[in-house]
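All remarks here apply to the structure that follows.
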Amino acid sequence: MTKTLMKQDGHMQAADALEGFVFIVTYGRSGSTLLQNVLNGIPGYLIRGENDNILMHMARSWVVANASPEIKIRREAMQSEGWRDPRYGSQIDPWFGAELIRPDQMGRDLADLFVRDVLRPEAGTRVTGFKEIRYHFAGDDMEAYFDFILTFFPNSRLVFNTRNLNAVARSGWWTEYTREDFMAEVGDADRRFRAYAASRPDRTILMHYDDYNGNVDAFRRLFEFLDEPFTRSYVAALANQKLDHLKKKWK
């Protein structure tokens, strides 16, 4: 990423001077705002709220650039100088110029753009990121989306937040879903979150709302994962703050 520059409005541009990134990966009605609040209590942390999946759309453009068969075959042919088709690299190729697309540079630039214009870390920020409940909207690209984050955001961590699915199904808008539709959407996401977390234990952690709700000590393993000091009394004060958004709209 680019060198840190401070903008006049007091926000930093995308920068590799940040110590790292934390992304809360979850689905709606999982208690994730409580988790967000606790993380924001760590000195130097700035974990933003939801942004309606802006990063997912950016990541999908990288997925296309990186994995599209027509783009990939031309890029690999150019790199090996073993052009499989005489049209490749010429103006008569319908994909003329596709061989010049640089997915790695594109990924880095997209991450910089997201940090600079969406996360907008403030002065004094060590670690930034955001919480989002719409990761499952990525569909078949979900795991590639996670790969994008871990590849292009330096020292990034994924915090998967889950909850008892029966409790989720009885909460908020999920009550309008049939059991079949709910499991196809949330149940599938929960399963894939767990599978990905198991595959990358070095960069991910699986948290469960039912473990830490009312049990401050359950946050200790999260702080250890992030290599941050755990002060029980301070975390308890944050965890016990009343979050009215949980009841205002959905009874």
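The values are calculated or read from the model by the stated rules, or taken from the named source; none is laboratory data. Bear in mind the structure is a predicted one, so any value in this text is a computation, not a measurement. In this analysis, Cβ positions are derived from the backbone assuming ideal geometry, glycine residues included, and neighbour counts consider all displayed protein chains. These area figures cover heavy atoms from the full protein model, side chains too; ligands, DNA and RNA do not enter into them. Shrake-Rupley method; radii C 1.70, N 1.55, O 1.52, S 1.80 Å.
Would you say Trp95 is among the aromatic types (Phe, Trp, Tyr) and within 28 Å of Leu150 (Cα to Cα)?
no
So that you can scan it fast, the table gives a plain yes or no per residue for (1) open to solvent by 60 Å² or more (accessible area, probe 1.4 Å); (2) modelled with pLDDT of 95 or more; (3) under 26 Å from Ser61 (Cα atoms):
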site: Ser156; (1), (2), (3): no, yes, yes
site: Val168; (1), (2), (3): no, yes, no
site: Thr204; (1), (2), (3): no, yes, yes
site: Asn215; (1), (2), (3): yes, no, no
site: Leu222; (1), (2), (3): no, yes, no
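Let me confirm something: among Ala59, Ala65, which residue is touching a residue at least 12 places away in the same chain (Cβ under 8 Å) and within 20 Å of Gly97 (Cα to Cα)?
Unique residue meeting the criteria: Ala65.
From Arg75, Arg179, grab the single residue that is among the charged types (D, E, K, R), over 30 Å from Leu46 (Cα atoms) and free of Cβ contacts under 8 Å to residues at least 24 places away in the same chain.
From the options Arg75, Arg179, the qualifying one is Arg179.
Filter segment 132-150 down to the residues that are touching a residue at least 60 places away in the same chain (Cβ under 8 Å), part of a helix (DSSP H, G or I) and not β-branched (Val, Ile, Thr) and list them by number.
Correct list: Tyr135, His136, Phe137, Ala138, Asp141, Ala144, Tyr145, Phe146, Phe148.
Please go through segment 18-52 and pick out each residue that is surrounded by 19 or more Cβ atoms within 10 Å (Cβ to Cβ), polar (S, T, N, Q) and assigned to a helix (DSSP H, G or I).
Ser32, Gln36, listed by residue number.
Quick check on Pro103: is it more than 24 Å from Ile47 (Cα to Cα), at pLDDT 95 or above and open to solvent by less than 60 Å² (accessible area, probe 1.4 Å)?
For Pro103, the condition - more than 24 Å from Ile47 (Cα to Cα), at pLDDT 95 or above and open to solvent by less than 60 Å² (accessible area, probe 1.4 Å) - is met.
Quick check on segment 122-137. Is at least one of its residues out of contact with any Cys (no Cβ under 9 Å at 6 or more places or on another chain), open to solvent by 50 Å² or more (accessible area, probe 1.4 Å) and within 17 Å of Val25 (Cβ to Cβ)?
So far as segment 122-137 goes, yes, one or more of its residues are out of contact with any Cys (no Cβ under 9 Å at 6 or more places or on another chain), open to solvent by 50 Å² or more (accessible area, probe 1.4 Å) and within 17 Å of Val25 (Cβ to Cβ).
Just give me the residues in segment 170-202 being assigned to a helix (DSSP H, G or I), open to solvent by 80 Å² or more (accessible area, probe 1.4 Å) and closer than 28 Å to Leu226 by Cβ, in sequence order.
Within segment 170-202, Arg191, Arg194 meet the criteria.
If you check every pair at least six apart or on different chains, which have Cβ atoms under 7 Å apart with a residue in segment 97-121 that is more than 16 Å from Ala17 (Cα to Cα) first and a residue that is β-branched (Val, Ile, Thr) and part of a helix (DSSP H, G or I) second?
From segment 97-121, the pairs are Ala98/Ile71; Ile101/Ile71; Gly107/Thr151; Val118/Ile54.
So, Asp112, is that one open to solvent by less than 60 Å² (accessible area, probe 1.4 Å), among the charged types (D, E, K, R) and out of contact with any Pro (no Cβ under 6 Å at 6 or more places or on another chain) or not?
Here the answer is yes, as Asp112 does meet what is asked.
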